[in-house]
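J.: If you scroll down you'll find the structure; I have some questions about it.
The values are calculated or read from the model by the stated rules, or taken from the named source; none is laboratory data. Here the structure is a predicted model, which means the values were calculated and not measured. Every residue, glycine as well, gets a Cβ built from its backbone with ideal geometry; the counts of neighbours run over all protein chains shown. Accessible surface is based on the protein model in full, side chains and every heavy atom, while ligands, DNA and RNA are left aside. Shrake-Rupley method; radii C 1.70, N 1.55, O 1.52, S 1.80 Å.
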Amino acid sequence: MRAMAADPTGRRLVAVERPLPQPGPHELLLQVLACGVCRTDLHLVDGELPPHGTLVVPGHEIVGRVVAQGSAARRFEPGQRVGVPWLGGSCGTCEFCAGGRENLCDRPVFTGWDRDGGFADYATADERFCFALPDRYDDRHAAPLLCAGLIGHRAWRMAGDGAKRIGLYGFGAAAHLLCQLAVAHGQQVFAFTRAGDDRSQAFARSLGAGWAGGTDERPPEPLDAALLFAPAGQLVPQALRAVRKGGTVVCASIHMSDIPSFPYSLLWGERVLRSVANLTRADGEAFLRLAAGIGLQVHVQPFALADANAAVQAVRAGRVDGAAVLVP
């Protein structure tokens, strides 16, 4: 089968031929129908996340069709469409798993990092960590839900039930979904993009943002919460300046550049700074139910699998409104 593997030494993906993988006892063999390109994939390709193997195949927003099952796999039927997220496995026994926080598992397995992901014709996945997908989304439009949507939803919940004014820093795949989710729940959205990015700001307004500007600007009124999807540590002090007393800043990236020092006065006033780490299966089920009911406008830019490097570069350069999706 064809696959595009990460070569961090060259900050690129390389085409490789791999034998068709065989599913283990609890695994599914999936024909990949679509796979989203996430910012985390860029961190792996760029070497910002240390590789967990040689020429690992990235991709953790997989929509696939079941073509074979392991001996103990019973959840899904051959031919059924399923989704594969970032969290591909957990130990089930550590204190975090036992406490319902498998996203913090001490021995996790991540799709496209610890095991080969969906930048390929076929992939295997542990069926216990796969999701049934809402019928209202086709393959391409379902793929971004599996990370941009799931992780974004977890970050949004961390903003707190009382948050009425929410800032979204970095208006990419996650923020374009969260903007709609927040507006549907009666919240005001303030979108922050790269300075001078008029196109992305117009895109944000088209999805319901009441204000859009550059990350170098202050919002017209204090925020209750700020969600950071851009992996830029220098935005943390700026977001703290933008939130009111008692407000929350949530860092939603797997990797972020170093946060610069800042005066304690920015944190004082019972402001909260926290991070999001991965997801739980309960998170996924809750978000996909919500997405099925709301009917999100998922904006995608499709790329052929052979053009995966072009897709990565487009995301890296901020040239995609919504999400890039590979289609084998």
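J.: For region 1-114, evaluate the Debye formula with one uniform point scatterer on each Cα (no solvent term) and list log10 I(q)/I(0) at q = 0.14, 0.22, 0.23 Å⁻¹, rounded to two decimals.
T.: Listed by q, the Debye log ratios stand at -0.66, -1.31, -1.34.
J.: So, one more: Given a 1.4 Å probe, how much area per residue of region 173-328 is accessible, in Å²?
T.: Values: 6590 Å² over 156 residues.
Dividing the accessible area of region 173-328 by its residue count gives 42 Å².
J.: Return the long-range amide H neighbours of His26 (sequence gap of 5 or more, or a different chain), with a cut-off of under 5 Å between placed amide H atoms.
T.: Close amide H contacts, sequence-distant or interchain: Ala72.
J.: Oh, and also: Relative to the first principal axis of the alpha-carbon coordinates of the chain, what is the inclination of helix 148-158, with its axis defined by its Cα atoms, in degrees from 0 to 90 and to the nearest 10?
T.: 40 degrees
J.: For Cα pairs less than 8 Å apart in space and 6+ apart in sequence, what is the mean separation divided by the residue count of the chain, i.e. the relative contact order in percent?
T.: Details: 789 pairs, mean separation 62.1, N = 328.
With pairs under 8 Å counted, the relative contact order is 19 percent.
J.: What is the ratio of the Cα radius of gyration of region 88-226 to 2.2 N^0.38 Å, with N the residue count, to two decimals? Mind dumping the intermediate values first?
T.: Details: Rg = 17.7 Å, N = 139, 2.2 N^0.38 = 14.3 Å.
For region 88-226, the normalised Cα radius of gyration comes out at 1.23.
J.: Let me ask something additional. Hey, what angle do you get for helix 173-184 against the long axis of the chain, alpha-carbon based, 0 to 90 degrees rounded to 10?
T.: Roughly 60 degrees between the two axes.
J.: A follow-up question, please. So what's the gap between the Cα centers of region 215-288 and region 100-114, to the nearest angstrom?
T.: After rounding, the separation between the Cα centres reads 23 Å.
J.: With every protein chain kept in place and ligands, DNA and RNA left out, what is the accessible area per residue of region 1-90? Probe 1.4 Å, answer in Å². Could the numbers behind the result be given before it?
T.: On the way: 3630 Å² over 90 residues.
So region 1-90 comes to 40 Å² accessible per residue, rounded to a whole number.
J.: Quickly rank 154-160, 241-247, 89-95 as a protection proxy: mean count of other C-beta atoms within 10 Å, highest first. Spell out each step's value before the answer.
T.: Details: 154-160: 20.1, 241-247: 17.7, 89-95: 15.1.
In descending order of packing, they fall as 154-160, 241-247, 89-95.
J.: For the chain, report the translational diffusion coefficient in µm²/s to the nearest whole number, using Stokes-Einstein at 20 °C, 1.002 mPa s, and a Kirkwood Rh over Cα pairs.
T.: Numbers: Rh = 19.9 Å.
Estimated via Stokes-Einstein, D reaches 108 µm²/s.
J.: Give the carbon-plus-sulfur fraction of the accessible surface of the chain in %, rounded to a whole number; probe 1.4 Å, heavy atoms of protein chains only.
T.: On the way: 6600 of 13360 Å².
Whole-percent figure for carbon plus sulfur exposure: 49.
J.: Non-local amide H neighbours of Ser275 (under 5 Å, H modeled in plane, Pro and chain starts lacking H): which ones?
T.: Those qualifying (amide H under 5 Å, at least 5 residues apart or on another chain) are Cys251.
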